[in-house]
Amino acid sequence: MTGYLLRCLRRVPLGLVVFAVALGVWEAWARAEGSFLVPTASAVAERARHVWSTPEFLADVAASLKRLAAGYGIGAAFGVTVGVAMGSSRRVRQVLEPLVELLRATPSIAIVPALIVILGFGDRMRIAVIAFGVVFPVLVNSMDGVRIIPIELRETASLLRVGRVERIVRVEIPAALPSIFAGLRVAISIGLVVVVISEFIGGGDGLGHYVLIERSKYDIPAMYAGILFLGLLGFVLNSVFLLVERRVLCWHYGTSGHGEH
């Protein structure tokens, strides 16, 4: 019997064990504190069970996902386009690099007041902030991915008299895809963070607004339920992206020997 239990335990992913331990520590710490400001994990789970299925909460989730999709799409498209252009042309890189580095060093939250003045409160401002936060990890990874392409590929394209546009589309972008996808994956987490920050400001809806409202009502378990949902949402989005990445880059994982990981 003992041997059977040990074999079963070995099949349990280590990540689940760590997660269960973390929940246990949270539960024990909250019970020791005995403060309504530090709810137990079980209290948060119970509140989440009631809150997550309500139409109001689901509407907030839909609003946040809609903004994330719009901002992420705009920022990713712009980042890949400009990044590939900067990576494939030294002249373009010299012209744009100072401006890109200046904007990249600017925190997304710092441009919110300016965007409120220009775009007002509402989805246009929030989507613009999300796109601003998403664009730079995608841009930098796209640029670096093109720049580190082996010189042999470039020389082969030159010998075959491949045109500039065709070389970018058929040689440089496919070769840079692993780096581009790395930037896109990082940008998902950043985009979700900026979604919440943008929804803290002004009225409206969304998960960030939900968390802020529950805090103002001192419904602390409901507030933590919203935060927990954001963490799970980020985990799910990252997992879905990894599935898409492995499907698109199956040739890369096969040749690099990472297919088993």
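The values are calculated or read from the model by the stated rules, or taken from the named source; none is laboratory data. Just so you know, these numbers come straight off a predicted model, no measurement behind them. These area figures cover heavy atoms from the full protein model, side chains too; ligands, DNA and RNA do not enter into them. Shrake-Rupley method; radii C 1.70, N 1.55, O 1.52, S 1.80 Å.
Key figures
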| quantity | calculated |
| --- | --- |
| Angle in degrees between helix 2-11 and the longest Cα principal axis of the chain, rounded to the nearest 10 | 50 degrees |
| Whether the chain is rounded, prolate or oblate, judged on the alpha carbon gyration tensor where a/c under 1.5 counts as rounded | oblate |
| Value of relative contact order over the chain, rounded to a whole percent, pairs C-alpha under 8 Å and six or more apart | 23 percent |
| Highest-MSF residue in the chain out of VAL80, VAL51, VAL18 [GNM, Cα springs under 10 Å] | VAL18 |
| Most mobile of VAL84, VAL100, VAL129 in a GNM of the chain (Cα contacts under 10 Å) | VAL100 |
| Using alpha-carbon coordinates, inclination of helix 41-51 to the longest axis of the chain, degrees | 80 degrees |
| Accessible area (Å², per residue) of the chain, counting only protein heavy atoms and a probe of 1.4 Å | 59 Å² |
| Heavy-atom accessible surface of region 37-142: percent carbon and sulfur, 1.4 Å | 69 percent |
